[in-house]
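**Q** Structure provided below as structure tokens; questions to follow.
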Amino acid sequence: MKWILIIVAALLLIVAVVALTGMMLRRPISHPALPDSNNRPQAIWDAITGPPNWRPDVRAFENLPPRDDIDRGLKPISTARP
């Protein structure tokens, strides 16, 4: 009878440790599936794949050649070092 109580107490301890560990985990962040934007999808894509003129450290850039018919975007050629 003593062994049964020890086994039950050990199982309850394991369940309690798992429950406490689960309570300490971060909660998932809820966010919308798509960002709200009044812009056309093409305008957003052009801003993403266009020239990086928002980065003051990039002085020049060039288009990378496509690989497997996939456009790879822009590559900074020279950047200013602080």
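Each reported figure results from applying straightforward, stated rules to the coordinates on display, with no laboratory input. Bear in mind the structure is a predicted one, so any value in this text is a computation, not a measurement. Neighbour counts run over all protein chains shown; Cβ positions are idealised from the backbone, glycine included.
**Q** Report, by chain and number, residues whose modeled amide H sits under 5 Å from the one on Phe61, excluding near sequence neighbours (fewer than 5 apart, same chain).
**A** Residues meeting the amide H criterion: Ile77.
**Q** Pop out the ³J(HN,Hα) list for the stretch 8-14 in order, Karplus 6.51 cos²θ - 1.76 cosθ + 1.60 with θ = phi - 60°, rounded to Hz; leave Gly and Pro as x.
**A** Whole-Hz 3J(HN,Hα) from phi for the stretch 8-14: 5, 5, 5, 5, 5, 5, 5.
**Q** Computed from the mean reciprocal separation of all distinct C-alpha pairs, what Kirkwood hydrodynamic radius does the stretch 1-53 have, in Å? Spell out each step's value before the answer.
**A** Numbers: mean 1/r = 0.0605 Å⁻¹.
About 16.5 Å, per the Kirkwood formula over Cα pairs.
**Q** Given R₀ = 41 Å, FRET efficiency for Ala60-Asn39 by Cβ-Cβ distance, to 0.05?
**A** 0.90
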